[in-house]
Amino acid sequence: MAATAEAPAQHGVDLQSHMRCQTMKTTIINVVTILAWLALATQASSQLAAHGAAGEAADWAYKSATGPHSVKTAETVVLRDAQRGKDLQLRVTWPEAEGPFPVIIWSHGATGSKDMYQPLVRPWAGHGYVCLQANHSESRALTGRAGAGTDTFTDWENRPRDIAFILEALDEIEAKVPALKGKLDRTVIGVGGHSFGAHTAQLVAGATTVDFGGARTSHADPRPLAFLLLSPQGIGSHAAGLDAQSWDGVTRPFIVITGTNDIGRKDDDWQWRLDPWKYAPRKDKFLLVIEGAWHGFGGVVGDASFRGAGPENAAHRLYVQSASVAFWDAFLKKDAQAIAFLRSNTMTEKTRGEAKLSHGIEPVTGEPKRGEARAEYATTFEDATWRDEERDRDVPVHIFAPKGAEGRFPVVVFSHGGGESRSAFTYLGAHLARHGHIVVFLTHQGSDREVIQQQGLRALAGRLDDTRPADVRFVVDRVLADDPGSALLKGRVDPVAVAVGGQCAGTSTVITLVGGTINLPGQPGVSFTDPRVKACVLLGPQPAVDNAGGRVLHDASWSTIKVPTLVVTGTRDFNWVAAVRGNPALLRRPYDALPSGGKYLVEIADAEHNAFTDSVPYYPARERDARHHGWICEAVTAFLDAHLKGEEAARAWLDRKELEEAAQGVCRQESKPFDFSIDGKAPAMAVPPKKEVEREVRERAGDGNVESQVERMFQVQTS
């Protein structure tokens, strides 16, 4: 009975407990619901303040969202291009107001159409622009196919021709649309595009393309004044031959707009789309990066669906609308208010950094600044094949140089890795030339890409002999000759500011010119030291293990290098080599073996072998990280500025490890300073320039008899 009597009581306790729990849960749910609604209301209020209500512009935005003019449209205007035997369909949108108005030609993305992008085109027309949109050959309106196929991108060269044809047909367009009479300002033209259309706009702006044979082609049209690149392409073979030099001739104003979810067709990181901004010369260039924006930018394309479009987002649309109208007004209408808006921090601050608008050469990808803005030059290049009569051998070269600038410049002679060529480092050559260096990349015939293409990878086995160092010495001789046979070199090279550089097998080549040693067949410990070479850059040097350089290299290969040296390596470099996979510390062995004296290491976390080139890798490799090239360029430029130009700011940048800080630890920096001595004892290794000796003496000896100490030290160290 006791047990029976207790059962209801226990049940009652459970029921009461359950009811209390339910009440508590309900209360919690209500509180959470209220908090959620409060959060949503706060967020909505914040967004409303920052972005404006639907159909309105936020109070910070450049002008209104729709513009002061009502808009008219002619949906289909057909032009006949007799030369190419094709009809070109246009959509024309214009303001209902007295003209003339600037003309904007807009190029759609892959398989897009002339009828898309109305959330952009109509506001532009409302602000006083005549907008022309064409159906390119792969348009879904012509093919009936919305998705991209294998042939979608094959007709890319005809797209710039479509733009040129439209410019030549403005009179015909006006005749076919009588309402346009007096509205077309034929002298003020802007060109823009989205995705594949941004590629088209880049080409019209002057971006050049390079085919597989190395031939460079320009598609530029001189008539447009400004360009809008919405989600443009960066460097890569899948970008129809764009390389780091492609944007050297893009000197007219442009704006790049992208978002942090705006990945490429081959799953390139969104930062890949920054290449036009990074590599174009410094002049009237702007960048808008929208946090969280996808390839569709919240709906600027319209209702069309496509890969990576992302969700609707009114704020993202507003950012693109506001920045684009400001850009067109600034450079097609010369509106001072628009220029001031683009150069201000208004958009960045008012959107709390969600939409970051940059201008000029501000770093946007974590790349560091070095003090004040450095001088930048327009660049030029030249391909040539030099004949070494003594060895009966041709040496192809690719030269990057500052364009048209007076004076003498430091020069770097660069040796490629096995299976590469003179064309594998355009990103680095263009960057160095922009910052006042001449760079000569050479092809070592017999260990280049052509050998792999003809004979396969086995053709590279055992290729390192004295031919490669002799190639480099020959190029140095030619560069320093009274008549080097190139206008880019004659009278422009500083003969006391010569460096060598290399990547992979190229590093094993060039160390022999700066005191390093290698083992050649029947010749152990060979060196071909050239006293004219004052500094050395080693990108991805081969570690001394049997299956990564064979026994060409040995532990002492680097210990006798007597000039300032920069080593850049990645923690996943040579990751296909078993010994390296088992012991990644081998990758830093070349640096560890270097003696003191102006020696630097930059180690990039997770960087693979292809981080150092911009060619298509012939070995197993993941997609490149878009940041790596920028960091390599910064490190190499600072090193050469410090040791060939004697720039204290560059030396300080290296000493303070600013790249490590800017890259947020992804890059690590180490250094081995000069081993100075003012007690008469010679330092163990490298000979520093006299300026460096003087600097060190002043720091260590105060205001004493500096001159005599410097002379004594310099004599000791050079004896």
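The values are calculated or read from the model by the stated rules, or taken from the named source; none is laboratory data. Just so you know, these numbers come straight off a predicted model, no measurement behind them. Neighbour counts run over all protein chains shown; Cβ positions are idealised from the backbone, glycine included.
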Being among the acidic types (Asp, Glu), assigned by TED's automatic domain parsing to the domain that holds Arg572 and either without any contact (Cβ under 8 Å) to a residue 12 or more places away in the chain or part of a helix (DSSP H, G or I) (or both) narrows it down to one of Asp614, Asp606, Asp641, so name that one.
Asp641
Residue hits (the range 128-146; of a type in the set (A, V, I, L, M) and under 30 Å from Ala97 (Cα atoms)) are Val130, Leu132, Ala134
Here are the criteria: (1) modelled with pLDDT of 85 or more; (2) surrounded by fewer than 16 Cβ atoms within 10 Å (Cβ to Cβ). Tell me which single one Lys562 does not satisfy.
(2)
Could you identify the single residue in Val496, Val500, Val475, Val440 that is part of a strand (DSSP E or B), within 16 Å of Asp388 (Cβ to Cβ) and assigned by TED's automatic domain parsing to the domain that holds Val413?
Val440
Restricting attention to the range 309-316, does a residue exist that is among the hydrophobic types (A, V, I, L, M, F, W, C), touching a residue at least 60 places away in the same chain (Cβ under 8 Å) and closer than 26 Å to Ile263 by Cα?
yes
When the range 286-321 is checked residue by residue, the ones that are under 19 Å from Leu274 (Cβ atoms) and part of a helix (DSSP H, G or I) are His316, Tyr319, Val320
Quick one: which of Ala626, Ala611 is surrounded by 20 or more Cβ atoms within 10 Å (Cβ to Cβ), within 30 Å of Ala556 (Cβ to Cβ) and among the small types (Gly, Ala, Ser)?
Ala611
State all residues of the range 124-146 that are outside any loop (DSSP other than H, G, I, E, B), buried (at least 24 other Cβ atoms within 10 Å of the Cβ) and in contact (Cβ under 8 Å) with a residue 60 or more places away in the chain; if no residue qualifies, say none.
Trp124
Test Val476 against the criterion of being of a type outside the set (Lys, Arg) and crowded, with 23+ Cβ neighbours inside 10 Å, and give yes or no.
no
Report yes if Pro524 is free of Cβ contacts under 8 Å to residues at least 40 places away in the same chain and not charged (D, E, K, R), otherwise no.
yes
Residue under evaluation Glu349, criteria (1) under 26 Å from the mean Cα position of the chain (by Cα); (2) exposed (fewer than 14 other Cβ atoms within 10 Å of the Cβ); (3) not in a helix (DSSP H, G or I), criterion not met
(3)
Does the range 245-268 hold any residues that are of a type in the set (A, V, I, L, M, F, W, C) and either surrounded by 24 or more Cβ atoms within 10 Å (Cβ to Cβ) or at pLDDT 90 or above (or both), and which are they?
Trp247, Val250, Phe254, Ile255, Val256, Ile257
Would you be able to tell me the number of residues in the range 576-596 that are small (Gly, Ala, Ser), in contact with a strand residue (DSSP E or B) (Cβ under 7 Å, 6 or more places away or on another chain) and closer than 27 Å to Ala650 by Cβ?
1
Is it true that Gly506 is over 17 Å from His554 (Cβ atoms) and either small (Gly, Ala, Ser) or in contact with an Asp or Glu (Cβ under 8 Å, 6 or more places away or on another chain) (or both)?
yes
Among the residues of the range 219-231, which ones are under 23 Å from Thr187 (Cβ atoms) and either assigned to a loop (DSSP other than H, G, I, E, B) or out of contact with any helix residue (DSSP H, G or I) (no Cβ under 8 Å at 6 or more places or on another chain) (or both)?
His219, Ala220, Asp221, Pro222, Arg223, Pro224, Leu225
Could you count how many residues in the range 411-437 are of a type in the set (A, V, I, L, M) and either assigned to a loop (DSSP other than H, G, I, E, B) or within 15 Å of Ala611 (Cα to Cα) (or both)?
2
Exclusive hit being touching a helix residue (DSSP H, G or I) at 6+ places or on another chain (Cβ under 8 Å), at pLDDT below 90 and closer than 18 Å to Thr512 by Cα, set Ser415, Ser447
Ser447
Failed condition for Gly597, given (1) farther than 18 Å from Ser415 by Cα; (2) crowded, with 24+ Cβ neighbours inside 10 Å, with all others met?
(2)
Is it the case that some residue within the range 382-391 is at pLDDT below 85, part of a loop (DSSP other than H, G, I, E, B) and touching a helix residue (DSSP H, G or I) at 6+ places or on another chain (Cβ under 7 Å)?
no
Could you run through the range 232-254 and say how many residues are under 15 Å from the mean Cα position of the chain (by Cα) and outside any loop (DSSP other than H, G, I, E, B)?
4
Kindly indicate the residue of the range 644-657 that is touching an Asp or Glu at 6+ places or on another chain (Cβ under 9 Å) and assigned to a helix (DSSP H, G or I) and also nearest to Pro495 (Cα to Cα) among those meeting that condition.
Leu644
Under 6 Å by Cβ, and 6 or more places apart or on different chains, what pairs join a residue from the range 626-638 that is not assigned by TED's automatic domain parsing to the domain that holds Cys667 with one that is surrounded by fewer than 24 Cβ atoms within 10 Å (Cβ to Cβ) and in a helix (DSSP H, G or I)?
none
Report yes if some residue within the range 129-136 is under 23 Å from Asp262 (Cβ atoms) and modelled with pLDDT under 95; otherwise report no.
yes
